[in-house]
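Let me begin by presenting the structure, written as structure tokens, before commenting on it.
The values are calculated or read from the model by the stated rules, or taken from the named source; none is laboratory data. This is a predicted model, so every value here is computed, not measured. Cβ sites come from the backbone with ideal geometry, for glycine too, and all protein chains shown count toward neighbours. Heads up: the accessible areas ignore ligands, DNA and RNA and are worked out on the full protein's heavy atoms, side chains in. Shrake-Rupley method; radii C 1.70, N 1.55, O 1.52, S 1.80 Å.
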Amino acid sequence: MRYLTVFVLLTCGALRPTPTWAQNPEEGQERVGIIRGQVVNGETEMPVEGVAVTARSPHHGAQLTVVSGDNGRFILPGVGVGTYTLSAASLGYATAQVADVVVRSNRITFVEIALNATPIEMEGIVVTGGYFSKKKEEATSRVSYSGEEIRRAPGSAGDVSRIFMTLPSVAKVSDDSNGLAVRGGSPSENAFFVDNIEIPNINHFPAQGSSSGPIGLLNTDLIQNATFHTGGFASRYGNRLSSVMDIELRDGNREEFDAQLDLNFAGFGAVVEGPIGGRSSYLASFRRSFLDLLVDAIGTETDVAPRYSDATVKLAWDLNDRHRLVTLGVLGLDDLAATQAAAVDNDRIVYGDQKTQEGAVGVDWRALWSDGVLSNTTLSYMTTGYEEDLWETSSDIKLIRKDSREGALTLRNTNRVRLGRGASLRFGGEAKTLVADFNQTMSEYTGSLGQVVPELVMDDRVTTARAALFANLVTNPLPRVTVTLGLRSDYFGYTGDWSLSPRAALSLQATERTSLNLSGGIFRQSLPLILLAQQENNRTLPEPWAVHVVGGVEHFFSDDTRMTLEGYWKDYRDFPVDPAEPGLFVVDELVYRYGFFFNHDQLVSEGRARARGVEFLLQKKLARGFYGLASASYSKAEYQAGDGIWRDRVYDNRWTASLEGGYKPSNKREFSLRWIYAGGPPYTPLDLEASAAEGRDVLDGSKVNQARYPDYHSLNLRFDRRFHFQGSNLVGYVSIWNVYNRKNVASYSWNGVKGVMDTTYQWGMLPIFGLEWEF
């Protein structure tokens, strides 16, 4: 029987709120809600008064218009339940459209609308606004999803990371993981920011040294917007080689108390929110899995039931019209206990107990010093604890003992200054103190290529610091040309590295609906501290770095439909490699090992990597019943380890394609689907004779990454239904994963107990259901 973790991943998001629908015509009493919001300048975040805000429904033809008043605020009372599009228009600004504004019975929906100043007109070209937000300093490789798009995404299991897996930039890693391998990179090359607070890993059961895991830690009900940068990102983001996810949580309801209860196969949860005084609010989420209770009730001895729980709390205070404080707290607790019999039944090479505790707390102060000056200052602390006792399934030898904790205290400041004539300057810096207590042992074991690797013992406290300064200048030297120049300087105390990373972007508005974009620069990332601290010589390893060059075209077929076509080139340098394993790539160890805690007696910075590709993306927002996303890509990712041979990297799918979308025939029902195709990634075949002799996986060192898994593809279908009552709402949905039951291969491994090679498959067909009560 497969690991029950699969069911956690599939159903933990089953109760995420889905798009709402208007009342049934046959119901005797009309169901209505309220839309409240604020209009702000997208660059300065200053309120904008006198803006005409119109709400339109594609289903029952309703249209309401109000004008924003003091502090840019507006209210639309007595709005019939359903999904609306808001448009905001004002002289001097491009008209903005906001789709998926859901009105629920007896509830208040809050919306913030950002307006961008109208670009300079020339030769009859006027760039209009639409449903897609875009910042001048980010010319390429940027995709944003609203909270409603995130909540209803099919096949995401309520996990914000999985929602972005249909993008052409993201490789297909595994159904069991939400790791984001972007443009030839690995899942350890992604950063997360939540309300301007950096959280290294937003997942349950995190792999030490990586940014991935099996299931997300954040409740997607709380997310207002998520933006994913997949290359050429601005200088305010650092210490990541490939990508950045920037998540903004919504505020709690400032007018009344609201709550919702969730129940699904994986567990249960609750969200509560409400006002604190007149200018403050709270928003809190609590979730707990109950698969362990289900397994206990069934009484099977070989099932493995992971237990997890999490909590997220956000407090927002408007000190006055120009100063705002946000406090954020995130906590996750994970526990997985597997017996040897369970490991045999689930084809696992190790068994034992694993516990992790993840926590982050921070305060963000936003200050509007004037109409053209804005600053954000955050102070945060994060910590992750790892407790593990693992034995090898086939031999019953204890492999890993771990009782370690890693933490970081961070002070970060960013400032934006409007300079006039379309120019702006963003600058700031950050200082971080890192403290890690490593108390862990890796027993002597047989390495991936069959060599004996000696025992590794770590019993040490590491205290060090990081610091950075950054600046970004946006100018318009010509009426239709935007130039961005960025520079970042980083210092890492543990290795003594000090570096400069220049970046630049260029955008040409060729027509009203078409722009040509180019970006590039140098990006750097420190090696995981767990890897650096294993040997004293590792402190001399330089930081890996990469050059990004991205170029493409963006075209709007309409206000709600856009197309991008981008090509990219990435070149990596100074990766660590182990001369004892000359064909393997250390930074990709998460694929064929568990984390980065493996003894490398000597590492040298001779590794290189490169990636090239072209990506197509067509995206339509929900404006008139249909929405969707279609993408395709071709790429080639390679690495060069200690033997100087170029090999395909483990996340090299070559070809990918995806189709995701939905249809809302009414305000009561919604049908959606997600289909993903990816070429089979490379892998190293087993040396069967050596594996049989050792009783464990031994790779064939002469064929490193020369074989490929079969191509991956799967289809997920989903149906949503919402019921409105006088004072509450009930949401239900049913979804079928892998509808045609494709047997996608996850891995090949040597079963030391049975003495044969096993094939492990990814998820088969599985129905999912969920209910949610809002009151």
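Which trypsin sites (Lys or Arg not before Pro) from the range 686-758 combine a DSSP loop assignment with at most 16 other Cβ atoms within 10 Å?
Lys743, Lys754
Once both labels are modelled 7 Å past Cα along the beta-carbon direction, what's the Asp758-Arg288 spacing in nm?
Label at Asp758, label at Arg288, 3.2 nm between them.
Please compute the contact order of the chain in relative form: average sequence separation of alpha-carbon pairs under 8 Å and at least six residues apart, divided by the residue count, as a percent.
In percent, rounded to a whole number, it is 12.
With the dipole of the range 463-551 worked out from charges on the C-beta (+1 for Lys and Arg, -1 for Asp and Glu) around the Cα centre, which of Ala465, Thr514, Tyr494 lies farthest toward the positive end?
Towards the positive end, the residue furthest out is Thr514.
Averaging sequence separations of C-alpha pairs under 8 Å and six or more residues apart, then dividing by the length of the range 553-700, give the relative contact order as a whole percent.
18 percent
Across bins of 10 angstrom width beginning at 0, how are the C-alpha pair distances of the range 620-757 distributed, in whole percent?
For the range 620-757, the pair-distance distribution reads 10, 25, 24, 19, 13, 8, 2, 0.
Take Glu455 and Ile522, extend 7 Å from each Cα along the Cα→Cβ direction, and tell me the distance between the two endpoints in nm.
4.4 nm
Taking just the C-alpha trace of the range 351-417, give me its Rg and Dmax in Å.
Looking at the range 351-417, its Cα Rg and Dmax stand at 21.0, 68 Å.
Counting C-alpha atoms alone, how compact is the chain: give Rg to one decimal and Dmax as a whole number, in angstrom.
Just the Cα atoms of the chain yield Rg and Dmax of 25.8, 78 Å.
Enter the Cα centre distance for the pair the range 607-685 and the range 452-510, rounded to the nearest angstrom.
Going from one Cα centre to the other spans 27 Å.
Counting only protein heavy atoms and using a 1.4 Å probe, what share of the accessible area of the chain belongs to carbon plus sulfur, as a whole percent?
Whole-percent figure for carbon plus sulfur exposure: 58.
Taking only protein heavy atoms and a 1.4 Å probe, what accessible area per residue, in Å², does the chain have with all protein chains in place?
Ligands and nucleic acids excluded, the figure is 37 Å² per residue.
Counting other Cβ atoms within 10 Å, which GluC sites (Glu not before Pro) in the range 395-467 have at most 15 and lie in a DSSP loop?
In loop regions of the range 395-467 (DSSP not H, G, I, E or B), the sparsely surrounded GluC sites (Glu not before Pro) are Glu444, Glu455.
Got a sec to turn the phi values of the range 31-39 into Karplus ³J(HN,Hα) couplings, 6.51 cos²θ - 1.76 cosθ + 1.60 with θ = phi - 60°, whole Hz, x for Gly and Pro?
Per-residue couplings from phi come out as 9, 9, x, 10, 10, 10, x, 8, 9 Hz.
Once the piece of chain linking Leu565 and Tyr663 is laid out straight, how much longer is it, given 0.36 nm per residue of separation minus the C-alpha distance between them?
Length gained between Leu565 and Tyr663: 32.7 nm.
Mind checking the range 356-390 for GluC sites (Glu not before Pro) that DSSP puts in a loop (not H, G, I, E or B) and that have at most 12 other Cβ atoms within 10 Å?
none
Given 0.36 nm per residue, what is the gain on full extension from Ser375 to Glu444 after removing their alpha carbon distance, in nm?
That works out to 19.6 nm of additional length.
May I ask which of Lys355/Lys402; Lys355/Lys754; Lys355/Lys398; Lys172/Lys664; Lys570/Lys703; Lys621/Lys664 have a Cα-Cα span longer than 20 Å here?
Among Lys355/Lys402; Lys355/Lys754; Lys355/Lys398; Lys172/Lys664; Lys570/Lys703; Lys621/Lys664, the Cα-Cα distance tops 20 Å for Lys355/Lys754; Lys172/Lys664; Lys570/Lys703.
Run through all the Cα pairs of the range 539-644 and give the fraction in each 5 Å bin from 0, expressed as whole percent.
2, 11, 16, 15, 12, 10, 9, 9, 7, 5, 3, 1, 0
Rg (Å, one decimal) plus Dmax (Å, integer) for the alpha carbons of the range 154-228?
11.5, 31
Around Leu399, which amide H atoms from residues at least 5 apart in sequence, or from another chain, sit under 5 Å from its own amide H, with H modelled in the peptide plane?
Residues meeting the amide H criterion: Leu390, Trp391, Glu392.
Would you work out the relative contact order for the range 671-775, in percent, from Cα pairs under 8 angstrom that are 6 or more residues apart?
Normalised by residue count, the contact order of the range 671-775 is 26 percent.
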